[in-house]
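Read the structure below first, then the notes.
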Amino acid sequence: MKPVSLVVILISLSAALPSLAEEAVSKPASPCSILAWQIAGISTPRFERSIHEHGIGFRLDNHLRHELQSAGLDASILRTISESKPSDEVSQWDSSCLDQLVGVAKASGEGDYVTAGDRLRPLLRSQQENSDLHFAMGELLLRQERFEDSLDELTQAAKLTPGVSDIHARLAYVFYRSGDADSAISEARTALSIDPKNAEAFQDLGLGLYGTGQYTAALHAYEESLNRQPENADVYFDIAIALHDRGDLHASAAAYQHAIRLRPQFWEAHSNLGVVLHDEGRLHEAVAEYQEAKHLAPREASIRSNLGNTYCDLDEYEAAIRELKALYEMQPDWEGGHSCLARAFMVRKDYQSAVSELRIAVEQNPQGAAEHRVLGQALLLAGNAAEALPELRAAVALNPASALVHHELGTALYEQDHLDAAEKEFREALRLDPSPENHYSLAACLMTMNRNEEALAELETASRLAPADRLYRARKEELLKLMQAVAH
């Protein structure tokens, strides 16, 4: 996950400002260039390094301090500026840009990236050669997940000032988010060829390598990032994802826990740690992590979905119903969880509610054999064998190798007195799984068809396979008595 930073946009209504990229390479920073770095999402360590290496080209008076604070500038960066001595190249800078940046920063800080972009667009049209503005627009479009448009802006910024590592690193990240991992790797390596100390570029290289399934190489890139910028919670988060997908659940959990120690409010890490703990079978611990994530991000639907499903796995069905109902009230079109909620309703013997949930599950996944089968099963329990038949036939068509599906279809046909068809399904279930239960079901069907000799043979087999089960032995004895009575 890429850290979300406050977005602030460089605006100048007079002469075009010097490019941030050019300033970053060789010139002291101006207030507007500093705010331009802010919109670009540059990390605090990168910010501070640039200020230490290139200095500042202005004097920080109280008014300017207030403006930078109101624009959301990180306190640590502001402290670095305060401790920096202005260079000999103190120059005039356009104060009007700062006034407008504050308004843009507020919209962006509230997550209104559309408004922020709308305010930037006229400036961009008037200053097409300013790479800073393209960089800023690329970041705003990224925040809106408009990846293709973001790539266009960042590519233009890179063309205007090709020697800036951070632009190529951001390009790498957008390529990764858009699903082009190979291009992400290429851009990250370009960023590192420009600045081998760029920790974020190593992180983005790791994401690209992860996206191509190169988990070990990705982990090495993440380690290089941490060597340059230690204790970065986001990198530990990415490490945990790669370890999970590589199958190392214990190490993945440890990485998520470290990310949480570094940033206790990191709800995504709490939620993902819950997934890992669930995969390890540590369900109660998973619930605790999901609960913490829910506390931190109460409107995040995925957390309630995972929590509800975990409660189902714990057989805590009332808690599952509570969480999943809240989820669907919050986000009615959420996909997933309906089968779990149906299972909870079936435990309650509320079969009609279960059927309603399972119909949604089937609608969302019409090619899911399990969804059709469970819906058919619920309809059978609700006493509606006629409606169960098409669902179970669909399940058989989708998964003909499942003995359970054939058995359920046989049961529905049996209840509808379609005995020949039921026998066929029971025999197929028996062929796929010669269990005592399937022998018994076939025997029950044969008994109804008055084919007692065949039924007796099936019951004898069931009794032999499960000698401790009294049911099979009792039914065999009942059938023997019936056959003897008929004979006399």
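Observations on the structure shown:
- Spans of helices (runs of 4 or more DSSP H) in segment 211-308 with at least 1 residues of a type in the set (G, A, S) and more than 30 Å from F47 (Cβ to Cβ): 249-262, 267-279, 283-296
- Looking only at segment 6-27, and only at residues there that are surrounded by fewer than 21 Cβ atoms within 10 Å (Cβ to Cβ) and part of a loop (DSSP other than H, G, I, E, B), the one that is modelled with the highest pLDDT: K27
- Just one of the listed residues (R427, R393) is within 22 Å of R464 (Cα to Cα) and not hydrophobic (A, V, I, L, M, F, W, C), namely R427.
- Test: residue in segment 155-171 that is modelled with pLDDT of 95 or more, farther than 14 Å from S131 by Cα and assigned to a helix (DSSP H, G or I): yes
- Test result for I185, of a type in the set (A, V, I, L, M) and over 20 Å from T44 (Cβ atoms): yes
- Scanning segment 38-62 for residues that are within 24 Å of L120 (Cα to Cα) and without any contact (Cβ under 8 Å) to a residue 40 or more places away in the chain yields T44, F47.
- Number of the exception - L392 against (1) more than 20 Å from S339 (Cβ to Cβ); (2) crowded, with 17+ Cβ neighbours inside 10 Å: (1)
- Unique match (being under 26 Å from V114 (Cβ atoms), surrounded by fewer than 24 Cβ atoms within 10 Å (Cβ to Cβ) and touching a residue at least 12 places away in the same chain (Cβ under 8 Å)) among T161, T216, T155, T190: T155
- Filtering segment 326-338 to residues that are touching a Gly at 6+ places or on another chain (Cβ under 9 Å) and either within 12 Å of Q364 (Cβ to Cβ) or not hydrophobic (A, V, I, L, M, F, W, C) (or both) leaves Y328, G337.
- Within segment 104-141, the set of residues being of a type in the set (D, E) and either more than 31 Å from the chain's Cα centre (by Cα) or crowded, with 22+ Cβ neighbours inside 10 Å (or both) comprises E129, D132, E139.
- Residues in segment 274-305 that are free of Cβ contacts under 8 Å to residues at least 24 places away in the same chain and either of a type in the set (A, V, I, L, M) or touching a Lys or Arg at 6+ places or on another chain (Cβ under 6 Å) (or both): A288 alone.
The values are calculated or read from the model by the stated rules, or taken from the named source; none is laboratory data. Note that the structure is predicted; figures quoted are calculated from it, not measured. Here the Cβ is made from the backbone with ideal geometry for all residues, glycine too, and neighbour counts use every protein chain on show.
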